[in-house]
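Asker: Take this structure, written in structure tokens, and hold onto it; I'll ask about it next.
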Amino acid sequence: MAKRQTKARPAGGKPTVYYVIITITAALFGIGLVMSTSASAVLAYLEHADSFHFFWRQAMFGVAGVAALLIASKMPREWLKALSPLGLVVSFVLLIAVYLIGEESGGATRWLSVGSLRFQPSEVAKMAAVLFSADILARKRAAEDRLSGLLLPLGLPLGILCVLIFRQPDLGTTIIVAVALLFMLYLADIRARELVGLTAVGLAAGIAATIVAPYRMARWTAFWDPWAVAQGAGYQLVQAQMAFGSGGWTGVGLGMSRQKFGYLPEPYTDFIFAVIGEEMGLLGALTVALLYFGLAFAIIHVMRTCDDLFSRLLVGGIGAVIVGQAFINIGGVISVIPLTGVTLPLISIGGTSLVVTMAGIGIILNFAQSERKGKRSAHSDDSDLRRRNRRAHISRPRPGRSA
């Protein structure tokens, strides 16, 4: 096993997957820097008399993101565990501050400003929730094999966190946190029937949140037939479809998008994938999607090679946040799922999202460069992910109840 790993490693001593993740991250950020500049050039010139205003801003946050990635990739695992409760407390403070002194934009209050710097606390809260969940599940799972036993130490704080995010309002980020938590519970081998029940409760809550909010209900209606409400709730989807239709296979050319000239709302944030489809065509859009698929497979590989539950949960949770958000955004833009208003990680303009995402990737790289313990083989890791609720060293049989 050791010899096979040594041969698979480049001369630098790090596994191939380490460089794969770095390459994909750099490619996505590079594409994002180019495409967000193209998508924002018109607005940047009109508002700031500089077509490259958002380019310089995103590049600056990119430098900060690289620094965060490097720091996270070298941070000792004990520090990550120690920072878990602190991260959650800081997230609570920031989210509460949003209600007191937050800035409103587009009908939502999600931002805090410190001087000229504006940031979005919910982005920080996503990663804090994953770190906290990994720590709690790793410590409590060995002693508790029922979901009900995790409600107080895990469900209560995360429930409050999700409520604070949801009331901004930000249903999209709330869904991402919920999806990441559900995936981590699956990795922790929580009973399948309990996961199904939790999923049903989550879906019911999502449906209720949609029904009680007219603008969310309008998005749902537009999802089924955007052209029927093309001048109303379906306007964004119709303009996105027109962008993809104009792009064809190879696109109209870099910088040549017509939809970004005031037709497509949020062309450099929520709907940047539509601009990619118009300027770079179906081939360009598929390339971006395949990069996210490649990142997902690389993260799964790292997760499978981790030698303890905390590491696997943390890597899996961060991967679920980043890749899950990517496909929720893409799915909404191409009308496969209803719009949720989330950005495209590493590509959309957004300083907080970029820095936090790169920090998360740095944590994954931290575990990717670690040696696998000899006691764990690839076969045993595969079994850990496939076998549901059959770990003798975790589950405790109880009279009258099947495993």
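Values in this text are rule-based calculations from the coordinates and carry no lab data. These numbers were taken from a predicted model, which means no experiment stands behind them. All Cβ positions, glycine included, derive from the backbone under ideal geometry; neighbour counts span all protein chains shown.
Asker: Only one of these is assigned to a helix (DSSP H, G or I) and within 15 Å of the chain's Cα centre (by Cα): 283, 291. Name it.
Answerer: 291
Asker: Further question: Going residue by residue through the range 60-78, is there one that turns out to be closer than 23 Å to residue 288 by Cβ, of a type in the set (Phe, Trp, Tyr) and in a helix (DSSP H, G or I)?
Answerer: Yes, because at least one residue in the range 60-78 is closer than 23 Å to residue 288 by Cβ, of a type in the set (Phe, Trp, Tyr) and in a helix (DSSP H, G or I).
Asker: Answer yes if at least one residue in the range 182-205 is among the charged types (D, E, K, R), closer than 30 Å to residue 283 by Cβ and out of contact with any strand residue (DSSP E or B) (no Cβ under 6 Å at 6 or more places or on another chain), and no otherwise.
Answerer: For the range 182-205, residues among the charged types (D, E, K, R), closer than 30 Å to residue 283 by Cβ and out of contact with any strand residue (DSSP E or B) (no Cβ under 6 Å at 6 or more places or on another chain): absent.
Asker: Okay, moving on. Could you list, in sequence order, all residues of the range 312-328 that are more than 8 Å from the chain's Cα centre (by Cα) and within 16 Å of residue 271 (Cα to Cα)?
Answerer: Result: 327, 328.
Asker: Now for a separate question. Taking the criterion of being over 21 Å from the mean Cα position of the chain (by Cα) and in a loop (DSSP other than H, G, I, E, B), would at least one residue in the range 195-214 satisfy it?
Answerer: yes
Asker: May I ask you to verify whether residue 156 is farther than 18 Å from residue 340 by Cβ and surrounded by fewer than 13 Cβ atoms within 10 Å (Cβ to Cβ)?
Answerer: yes
Asker: When you check residue 148 against the structure, is it of a type in the set (S, T, N, Q) and closer than 15 Å to residue 310 by Cα, yes or no?
Answerer: no
Asker: If I ask for residues that are among the aliphatic types (A, V, I, L, M) and in contact with a Gly (Cβ under 9 Å, 6 or more places away or on another chain), which ones from the range 256-273 would you list?
Answerer: Within the range 256-273, just 272 meets the criteria.
Asker: Checking the condition under 23 Å from residue 98 (Cβ atoms) and basic (Lys, Arg), which residue from 167, 191, 146, 139 passes?
Answerer: 167
Asker: Is there any pair with a first residue in the range 22-47 that is surrounded by fewer than 17 Cβ atoms within 10 Å (Cβ to Cβ) and a second that is in a helix (DSSP H, G or I) whose Cβ atoms are under 6 Å apart and which are 6 or more apart or on different chains, and what are they?
Answerer: Matching pairs, first to second residue: 27/291.
Asker: Within the range 262-316, restricting attention to residues that are farther than 24 Å from residue 81 by Cα and of a type in the set (S, T, N, Q), which residue is surrounded by the most Cβ atoms within 10 Å (Cβ to Cβ)?
Answerer: Once the filter is applied, the top-ranked residue is 269.
Asker: Another question, if that's okay. Of all residues in the range 251-290, which are among the polar types (S, T, N, Q) and within 16 Å of residue 32 (Cα to Cα)?
Answerer: Residues satisfying the conditions are 257, 269, 287.
Asker: For the range 142-155, check the following and say yes or no: at least one residue is polar (S, T, N, Q) and more than 22 Å from residue 319 (Cα to Cα).
Answerer: Checked against the condition, which is being polar (S, T, N, Q) and more than 22 Å from residue 319 (Cα to Cα), the range 142-155 yields at least one hit.
Asker: Return the residue satisfying two criteria in turn: it lies in the range 68-124 and is of a type in the set (Gly, Ala, Ser) and under 21 Å from the mean Cα position of the chain (by Cα), and of such residues it is nearest to residue 160 (Cα to Cα).
Answerer: Restricting to residues being of a type in the set (Gly, Ala, Ser) and under 21 Å from the mean Cα position of the chain (by Cα), the top hit is 91.
Asker: Shifting gears a bit: How do the pairs read when you match residues in the range 160-185 that are of a type in the set (Phe, Trp, Tyr) with residues anywhere that are surrounded by 19 or more Cβ atoms within 10 Å (Cβ to Cβ), using Cβ under 7 Å and keeping only pairs 6 or more apart or on different chains?
Answerer: Listed by first residue and then by second, the contacts come to 166/174; 183/316; 183/317; 183/320.
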